[in-house]
1. Stretch ILE20-GLU114 to full length: gain in nm at 0.36 nm per residue minus the Cα-Cα span?
2. What list of ³J(HN,Hα) couplings, whole Hz, do you get for the range 39-55 from phi and the Karplus terms 6.51, -1.76, 1.60, once you set θ to phi - 60° and write x for glycine and proline?
3. Based only on other Cβ atoms within 10 Å, what is the fewest-to-most ordering of ILE132, ILE48?
4. Quick one: order TRP98, TRP136 by neighbouring beta-carbon count within 10 Å, fewest to most.
5. Could you work out how far apart the two model spin labels at LEU121 and SER60 are, taking each label as a point 7 Å from the Cα in the direction of the beta carbon, and quote it in nm?
6. Fewest first, what order do MET163, MET189, MET144, MET199 take by the number of other Cβ atoms within 10 Å?
7. Pull up all non-local amide H partners of ILE186: gap of 5 or more, or a different chain, and H-to-H distance under 5 Å with H placed in the peptide plane.
8. Determine the gain in length on full extension of the stretch SER185-ALA155; use 0.36 nm per residue of separation and subtract their C-alpha separation, reporting nm with one decimal.
Amino acid sequence: MVALCSETVLQANIHLRLAIPGDISVLQALIAASVRGLQAQDYTPAQIEGALKTVFGVDSQLIADGTYLVAEAVPSGSESHEPEYDGAASLIAGCGGWSKRKTLYGGDRWTGREDELLDPLHDAAKIRAFFIHPAWARQGIGGMILEACESAARAAGFTRYEMGATLTGAKLFGVKGYVAVKPISIPLMNGEVLPVIHMEKRVSGTPLDSDTRRFRRV
Ligand SMILES: CC(C)(COP(=O)(O)OP(=O)(O)OC[C@H]1O[C@@H](n2cnc3c(N)ncnc32)[C@H](O)[C@@H]1OP(=O)(O)O)[C@@H](O)C(=O)NCCC(=O)NCCS
């Protein structure tokens, strides 16, 4: 059982809760708005549109596993920051999750999925699919979701975390203690290539044995 409470109050107007299948249509719109609005400094329009069709999107396996979170904004008084996603009002400001399965990145339509379960003693939990709506960027929500995901993965026995980070995401993960392991090039269905970075982090207090780890699983 995942060690995430059903609802966590993290700051005055932001709550974290587990995503449910009924959130998917709002999340799809949020992901498109997030990618188009926040990745423009790091990727070309062709890369962004290709990635939205190929690799970015909801991973419903994470929702089924109870390891995907949404950050909901609770309007306080008359001052609502409620963003709109293509006309559909929603209180969801961002989303992100973690996984006990092998897939490193990619939504439901990504072809490189590997649903096998990881072994927490040997494998790194995957940090997955973080998307914040542009109206809520740089307000600490990505960091909040990350902290909740790390803590849930830690409670499940993992001592390392890793992800395929976009160049945009690497700016958040870099300040949260993740280090680059290697570059990854994701081929997109429109012929473009999306450069991302395989990053990892070890739970503080666990021994650094990255050299032996590299030879342990061949
Ligand atoms: C990456 C992303 C999730 C960050 O979410 P966020 O809620 O804006 O991040 P936070 O507010 O928690 O940022 C915490 C810190 O990370 C760093 N950081 C985050 N985004 C940054 C950016 N675009 N440029 C520079 N530093 C950044 C900063 O140090 C920031 O602290 P500060 O705002 O006080 O300077 C968001 O930009 C996003 O959704 N991007 C588009 C989708 C994407 O690429 N997701 C990543 C998939 S791996």
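Taken together, the values in this text are just the output of simple stated rules run on the coordinates, not laboratory data. Remember, predicted model here, so these are calculated numbers, not experimental data. Positions of Cβ are backbone-derived with ideal geometry, glycine not excepted, and every protein chain shown enters the neighbour counts.
1. Details: separation 94, 0.36 × 94 = 33.84 nm, distance 2.17 nm.
Residue separation times 0.36 nm, minus the Cα-Cα distance, leaves 31.7 nm.
2. Each residue of the range 39-55 in turn: 9, 4, 7, 10, 9, 6, x, 5, 5, 4, 5, x, 5, 5, 7, 10, 10 Hz.
3. Values: ILE132 25, ILE48 21.
Least to most surrounded, the residues fall as ILE48, ILE132.
4. Values: TRP98 29, TRP136 20.
Final ranking by Cβ density, sparse to dense: TRP136, TRP98.
5. 3.5
6. Values: MET163 28, MET189 12, MET144 19, MET199 22.
Ordered by Cβ neighbours within 10 Å, fewest first: MET189, MET144, MET199, MET163.
7. So ILE186 has HN proximity to LEU194, VAL196.
8. Values: separation 30, 0.36 × 30 = 10.80 nm, distance 3.19 nm.
Residue separation times 0.36 nm, minus the Cα-Cα distance, leaves 7.6 nm.
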